[in-house]
Amino acid sequence: MQKLEKLYEGKAKKLFATDDPDVLWVEYMNQATAGNGAKKAQISGKGSLNNRITAVIFDLLKARGVDSHFIKPVSETEQLVRRMDMFPLEIIMRNTAAGSFAKRYGVTEGTPLKQPILEFCVKDDALGDPFINNDGLLALDIVTEDELAEISAQARAVNAALLDIFSKIGIQLVDFKIEEGRDSQGHILLADEITPDTCRLWHIADDGQTVEHLDKDLFRRDLGDIIPAYEQILERLEQLAEVEGIERS
C-alpha cells in the first residue's frame, strides 16, 4: 500500500490517498483543539495515543458485532481505513448530563439520564456545528428516512457496545460523538475515530463523588495534562482486549 497525495487536513488528522481507490491513509496529529479551533496546542505523543486507542476500540467493537471503516494500523500514528462518503453530521449519544447538554437545559453535570439520548449536529465549523432535529435533517435533505433510521440504530448499537467496554475497565462513558458514512458498496458504517477526544470518560473515586476526567475536558477546561489520562485509557483497553482474546488488526 502506497501513501499518495494529501486529501484533507482537519484539527486532529490528515487523510491521504493510496494506490487503492477504496482505501485512505490516516495520520493522527499531535494537535489538540477546543471551541471549534479557538483553543489550540501541540501536545507530544497525542497522535500516537489516539491512533492506538481508536484502533483497539474499533477491534473491541468489531468483536461485539459493530463494523467500521477501520482496516489496520500501519505505524504508531497512522492507520488504513475504508474510503467513505461521509454524512455531514456529528452523531452524539448521551448517557449522563454533561457539557453543552447540562448547560442548555440547566441540569447539574453528572446527573444520570433515564435513557440514552441521541442528538445530531450539522458538521459545519463556520456555523458552530448547530443542533438539528430529525425533521430538520429530512427537510434539508441531509439524510433520507431510511438513512436516518440506520444511522440512529447504529449509534445506539455503538453506545451499548461502548458502555459494555468501558464498564469492564472501570470507566463511566458519559457521552460521545461519532461520524458515519457510506463505503463504495453503499453500506452505512461507523467512521472517523473514537478516542478520549470524542468521548467524555470519567473515573469515579471511591467516595462516589469525585470525578477524574480521562478525556479532552482536561485540555478544554484547563484541568490538567491529557497524556497520562490517555495513556491510562489505552492501557486499560489493551488489557481488556487481551483478556477477551480479541484478534487485533
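Examine segment 37-46 for a residue that is at pLDDT 95 or above and within 23 Å of S249 (Cβ to Cβ), and state whether such a residue exists.
yes
Which members of segment 22-39 meet the condition of being in contact (Cβ under 8 Å) with a residue 24 or more places away in the chain and not aliphatic (A, V, I, L, M)?
Within segment 22-39, D22, W25, E27, Y28, G35, N36, G37, K39 meet the criteria.
Search segment 224-234 for residues being among the β-branched types (V, I, T) and touching a Lys or Arg at 6+ places or on another chain (Cβ under 9 Å), and hand back the single one that is surrounded by the fewest Cβ atoms within 10 Å (Cβ to Cβ). Lay out the reasoning, then the answer.
Going through segment 224-234, the residues among the β-branched types (V, I, T) turn out to be 226-227, 233.
After this cut, where a residue has to be touching a Lys or Arg at 6+ places or on another chain (Cβ under 9 Å) as well, the list is 226-227.
Values: I226: 24, I227: 14.
By that ranking, first place goes to I227.
So which residues in segment 197-231 are in a loop (DSSP other than H, G, I, E, B), out of contact with any strand residue (DSSP E or B) (no Cβ under 9 Å at 6 or more places or on another chain) and not charged (D, E, K, R)?
If the condition is that a residue be in a loop (DSSP other than H, G, I, E, B), out of contact with any strand residue (DSSP E or B) (no Cβ under 9 Å at 6 or more places or on another chain) and not charged (D, E, K, R), then G208, Q209 are the ones that fit.
Let me confirm something: among R52, R94, R104, which residue is surrounded by fewer than 16 Cβ atoms within 10 Å (Cβ to Cβ), out of contact with any His (no Cβ under 9 Å at 6 or more places or on another chain) and among the basic types (K, R)?
Unique residue meeting the criteria: R104.
Which condition number in (1) closer than 24 Å to E231 by Cα; (2) touching an Asp or Glu at 6+ places or on another chain (Cβ under 8 Å) is the one that Q79 fails?
That leaves (2) as the condition not met.
Take the residues in segment 186-223 that are at pLDDT 95 or above and small (G, A, S); name whichever of them is surrounded by the most Cβ atoms within 10 Å (Cβ to Cβ).
If we take residues in segment 186-223 being at pLDDT 95 or above and small (G, A, S), then A191 is surrounded by the most Cβ atoms within 10 Å (Cβ to Cβ).
Any chance you could count how many residues in segment 68-82 are over 14 Å from the mean Cα position of the chain (by Cα) and in contact (Cβ under 8 Å) with a residue 40 or more places away in the chain?
10
Does any residue of segment 147-158 turn out to be exposed (fewer than 14 other Cβ atoms within 10 Å of the Cβ), free of Cβ contacts under 8 Å to residues at least 12 places away in the same chain, more than 20 Å from T54 (Cβ to Cβ) and not charged (D, E, K, R)? Reasoning before the result, please.
Step one: list which residues in segment 147-158 are exposed (fewer than 14 other Cβ atoms within 10 Å of the Cβ), which gives 149, 153, 156.
This time we only want the ones that are free of Cβ contacts under 8 Å to residues at least 12 places away in the same chain, so: 149, 153.
Then keep just the ones that are more than 20 Å from T54 (Cβ to Cβ); that gives 149, 153.
Subset that is not charged (D, E, K, R): 149, 153.
Yes.
Give me the pairs: first residue in segment 210-234 and on the phi > 0 side of the Ramachandran plot, second residue in a helix (DSSP H, G or I), beta-carbon distance under 8 Å, and six or more apart or on different chains, which are they?
These pairs meet every condition: G224/L218.
Could you please give the count of residues in segment 99-152 that are assigned to a helix (DSSP H, G or I), under 18 Å from the mean Cα position of the chain (by Cα) and under 13 Å from D175 (Cα atoms)?
Looking only at that region, the number is 3.
What's the total number of residues in segment 114-165 that are among the hydrophobic types (A, V, I, L, M, F, W, C) and closer than 20 Å to I194 by Cβ?
The total comes to 14.
The values are calculated or read from the model by the stated rules, or taken from the named source; none is laboratory data. What you see is a predicted model; the values in this text were computed from it and never measured. Because the Cβ atoms are built from the backbone with ideal geometry, glycine has one as well, and the counts that use them run over all protein chains shown.
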